[in-house]
Amino acid sequence: MKFKECMQYFQNLEQEPSRTAMTKILAELLNQACARDAKIIAYFSMGSLFAAYQDIQFNIAQKNMIAILAEFLNVAESTIQGHARTKGDLGLVIFEMWQGEDQGLTLHEIYELLVDVAKISGTGSSEKKAKAIIKILRQVDAVSAKFIVRIVTKTMRLGFSDMTFLDALSWMLSGSKKLTPQIEHAYNICADLGLVAYTLKNGGISAIANMDIHVGIPILPAAAERLKSPQAIIDKLGDCVAQPKLDGFRVQVHLKRSGTKTDVHFFSRNMLDMSDMFPDLKQAISHLPVKSLICEGEAIGYDEATDTFLPFQETVKRKRKHDIEQVSQQLPLRLYLFDLLYLDGESFLDKAHKQRRKELVELCKLFKDVEIKAIEEKHIYTAQQLQEYFLTCIAVGLEGLVVKREDAVYQPGKRNFNWIKLKRESQGELIDTVDGVILGYYVGRGKRAHFGIGAFLLGVYDEDTDQFKTVAKVGTGLTDAGWKDLKKRCELLIVKQQPKNVMCAKELFVDVWIKPEIVCEILSEEITLSPMHTAGRTEAHLGYGLRFPRFVKYRDDKSAQQATTVKELKELYRNQKK
């Protein structure tokens with residue numbers, strides 16, 4: 001497939017507001033692609049060269065791309081900056097200023113050239129990357145150049161997520177979404193969208209049905225539902241087990257031995273490779289006498305002197321790129337493992353929690369290091385027992401509990417009542433915090449006018465429409481320094497127009513729209529019905545809004561699609577009224 005042909009489809013996708021129509025356009029594109037090209041299309045459509053867990057970046061900032069385009073177009077940098085301010089997108093700048101002819105390169109040829117650029121490192125790498133990008137741009141037309149710039153700067157903005165792409169794969173084969181559940185399951189156990197597309201194109205739906213776990217590729221994590229009280233949980237589950245809910249880094253640990261080589265990876269909840277952050281834990285895991293392993297746990301700071309867990313604000317200091325060894329000595333972590341997913345070639349996903357727990361405890365006995373252990377687990381038979389254990393955990397500074405069915409299998413990527421979380425906020429009107437996505441912000445007034453930001457618009461994710469729906473306007477919970485930090489975060493994601501995957505009433509339009517990527521935890525007094533907000537709103541039903549919302553903290557471990565969903569919000573609303 002020619003690169004130009006693929007980018008014309010992307011152009012059509014960008015201009016199409018209907019999700020169903022977008023799905024069909026993608027399906028038509030994928031139908032024309034070979035297996036290798038389908039894999040590339042998957043990555044490009046997500047604005048990347050690789051799967052999310054493969055942390056290979058171009059590392060070309062906006063100002064560097066401005067310099068590259070100025071040299072390429074033979075104009076002053078100030079000219080590019082001026083156009084960028086007007087258009088809000090460097091892709092649109094080159095689209096309007098470049099009039100070159102396409103040289104007929106294939107999708108695969110352009111992909112390989114871009115991979116070569118991403119891998120350039122060392123002394124003089126910036127100049128080498130600039131020359132390589134200019135060389136590529138000279139071989140494509142304006143539409144293709146626009147998307148190349150967006151891929152390099154990670155601003156693709158096609159307006160859909162991986163779920164729409166999975167639907168498109170189903171449409172490609174069946175002309176409907178009927179195959180999506182099978183394709184989604186393959187993606188849930190092997191979270192590489194390109195590999196899923198390649199496998200489907202190469203071997204059909206039977207190959208997808210036989211797709212297995214790959215050690216080194218994340219499994220999409222299971223998630224917990226919420227209920228209001230210990231009694232509600234016991235009424236739902238009956239006899240169960242409870243584990244402390246730690247406020248640290250949720251990590252999925254992968255170990256694979258091949259000859260004398262041992263690979264250990266730590267993946268975050270949103271599938272980013274965090275391995276370099278945990279040299280101490282990585283070393284300990286590597287000593288396990290097993291051939292292959294995937295398990296889940298929580299890495300959390302621990303104060304040996306006081307025998308207490310550290311708050312998340314301390315633990316998060318391990319999230320850095322420099323001085324890692326020094327900080328790991330100053331801020332040691334403990335890893336509490338809470339689930340076993342794969343061991344020595346055998347999947348444990350379909351085994352009951354009770355069996356997974358038994359094998360996990362035996363595995364943890366092999367550790368000589370005190371910093372890695374199986375998380376505590378307590379059998380619960382009554383609401384009174386659950387309440388007492390909950391209060392015990394709160395007293396030592398923990399978030400609460402995760403309560404689990406002993407007979408439940410592990411369901412990747414699913415949120416259900418196999419796991420139920422009970423947090424300290426659960427005792428108020430709103431039974432839990434909400435993880436929302438910042439959609440844009442309002443210019444501040446009074447004191448905050450100096451910051452350039454006074455409040456932000458919050459949204460939640462609608463799985464059915466693959467859109468973000470508004471739920472609150474938030475203006476409390478941040479210090480002066482916090483507002484300044486939020487402004488800096490937002491400035492990296494500013495877009496000129498309302499993103500097409502954001503649904504918002506005109507009365508709530510922000511002063512500045514941003515790409516929906518920043519996830520934050522919000523505490524609210526209650527969920528109310530709202531005629532203004534679009535979360536859950538239909539012709540026959542008002543939307544849902546948060547009353548007195550307050551910023552708690554960022555959730556950098558979550559992607560926007562892993563934020564609270566409209567479906568969850570509806571359930572929270574129903575539960576608070578019981």
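The values are calculated or read from the model by the stated rules, or taken from the named source; none is laboratory data. On a predicted model such as this, the values are computed, not experimentally measured, just so you know. Cβ sites come from the backbone with ideal geometry, for glycine too, and all protein chains shown count toward neighbours.
Annotations for the structure displayed:
- Within region 489-511, tally of residues that are surrounded by fewer than 20 Cβ atoms within 10 Å (Cβ to Cβ) and touching a strand residue (DSSP E or B) at 6+ places or on another chain (Cβ under 9 Å): 15
- Single match in 398, 391 (criterion: farther than 30 Å from residue 158 by Cα and in contact with a Pro (Cβ under 6 Å, 6 or more places away or on another chain)): 398
- Exclusive hit being part of a strand (DSSP E or B) and basic (Lys, Arg), set 500, 484, 473, 488: 473
- Residue selected from region 159-178 under the condition touching an Asp or Glu at 6+ places or on another chain (Cβ under 6 Å) and of a type outside the set (Ser, Thr, Tyr), by the criterion surrounded by the fewest Cβ atoms within 10 Å (Cβ to Cβ): 177
- Strands (runs of 3 or more DSSP E) within region 334-427 that include 3 or more residues more than 27 Å from residue 563 (Cβ to Cβ): 372-374, 378-380
- Lone unmet requirement of (1) within 11 Å of residue 522 (Cβ to Cβ); (2) modelled with pLDDT of 75 or more; (3) buried (at least 24 other Cβ atoms within 10 Å of the Cβ) for residue 432: (2)
Residues checked against (1) buried (at least 20 other Cβ atoms within 10 Å of the Cβ); (2) among the hydroxyl-bearing types (Ser, Thr, Tyr); (3) at pLDDT 85 or above:
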site: 225; (1), (2), (3): no, no, yes
site: 230; (1), (2), (3): yes, no, yes
site: 236; (1), (2), (3): no, no, yes
site: 265; (1), (2), (3): yes, no, yes
site: 271; (1), (2), (3): yes, no, yes
site: 301; (1), (2), (3): yes, no, no
site: 305; (1), (2), (3): no, no, no
site: 310; (1), (2), (3): yes, no, no
site: 322; (1), (2), (3): no, no, no
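- Of all residues in region 161-200, those satisfying the criterion of being charged (D, E, K, R) and within 20 Å of the chain's Cα centre (by Cα) are 162, 167, 184, 192.
- Within region 533-578, being under 20 Å from residue 466 (Cα atoms) and either among the hydroxyl-bearing types (Ser, Thr, Tyr) or without any contact (Cβ under 8 Å) to a residue 40 or more places away in the chain (or both) holds for 534, 538, 539, 541, 542, 544, 559, 564, 565, 570.
- Restricting region 76-120 to residues that are free of Cβ contacts under 8 Å to residues at least 40 places away in the same chain and not in a helix (DSSP H, G or I), the residue that is surrounded by the most Cβ atoms within 10 Å (Cβ to Cβ) is 120.
- Where residue 550 falls short, out of the listed (1) of a type in the set (Lys, Arg); (2) over 25 Å from residue 449 (Cβ atoms); (3) surrounded by 15 or more Cβ atoms within 10 Å (Cβ to Cβ): (2)
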